[in-house]
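Working notes, beginning with the structure itself.
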Amino acid sequence: MNQNLAKQKEYWDREVGEFDSIYSHGKSKFDNWIDVTFRWDMYARFEYTLKHAEPIAGQSFLDVGCGTGRYALELARRGASRVVGIDIAEKMIEVCSRRSREERLDDRCSFLQSDLLQYLAAAKFDVVIGIGLFDYIGEPLPVFTKMRQVVTDRAIISLPRFWTWRAPVRKVRLALRGCDVFFYTKERIAPLLKQAGFSHYEIEQVGQLYCVTAFV
Ligand SMILES: C[S@@+](CC[C@H](N)C(=O)[O-])C[C@H]1O[C@@H](n2cnc3c(N)ncnc32)[C@H](O)[C@@H]1O
């Protein structure tokens, strides 16, 4: 594992509970208010992904950087035929595996600690998702390319926008916690998708993010 990945893994293994509480609203009243007010686009990208993943029932999904499984498990609940979640952080994978067993989704869901670039897919997936992933990827082209290689229909991804007030705040806040974070312009995203081999794509601005659906 290279140095950047090792740093990411360490950071995310530490942040599991804090990260998941953005979804569960399990923080103090004030911190929940901060999330809903300043991180509303995290909830909006969840809706974007589920909408653009339709028809979900019967399709297979790879969730790259699955975190605590909020997306992967929801796809399984909505009838996906097979969902694989991968993440470099083992503590994230432990949470996903436990939740999928508790909900008896483990016949269709599996979770694996892996970096995408090292992951060997036994079969291709209809859809690959990478939500909140590219924020932490310093060299995105190999990741876009691998996503294209493992998918037969489309990729759904989110990327944090470069020209926002939040970008410098996050850069400094996460650097102090030992985590590198990266930002993207629209002009940078388009050639990356083309070079990775996607034929066409749509980019939607959602708050301080871009949400992208790229087609094979
Ligand atoms: C912000 S979390 C997003 C989790 C989830 N997708 C969500 O939106 O709820 C980013 C996750 O990406 C994982 N990650 C970062 N780089 C990765 C890589 N190269 N391969 C797999 N997972 C990675 C981190 O460990 C972390 O759990």
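Anything in the stretch 81-96 that is of a type outside the set (Val, Ile, Thr), without any contact (Cβ under 8 Å) to a residue 60 or more places away in the chain and either surrounded by fewer than 18 Cβ atoms within 10 Å (Cβ to Cβ) or part of a strand (DSSP E or B) (or both)? List them, or say none. Correct list: SER81, ARG82, GLY85, GLU94. Would you point out the residue of the stretch 47-79, among those that are charged (D, E, K, R) and closer than 25 Å to GLN118 by Cα, that is farthest from the ligand (Cβ to nearest atom)? Per the criteria, the residue is ASP63. Kindly establish whether SER28 is small (Gly, Ala, Ser), within 13 Å of the ligand (Cβ to nearest atom) and either modelled with pLDDT under 90 or out of contact with any Leu (no Cβ under 6 Å at 6 or more places or on another chain) (or both). No: the conditions fail for SER28. Look at ALA6 and say whether it is loosely packed, with under 14 Cβ neighbours inside 10 Å and either over 18 Å from the mean Cα position of the chain (by Cα) or over 23 Å from SER100 (Cβ atoms) (or both). Here the answer is yes, as ALA6 does meet what is asked. The condition (being over 17 Å from LEU50 (Cα atoms) and out of contact with any helix residue (DSSP H, G or I) (no Cβ under 6 Å at 6 or more places or on another chain)) is satisfied by just one residue among ILE189, ILE157, ILE137: ILE189.
The values are calculated or read from the model by the stated rules, or taken from the named source; none is laboratory data. Quick caveat: nothing in here was measured; it's all calculated off a predicted structure. Counting neighbours? That spans all protein chains shown, and the Cβs are built from the backbone with ideal geometry, glycine included.
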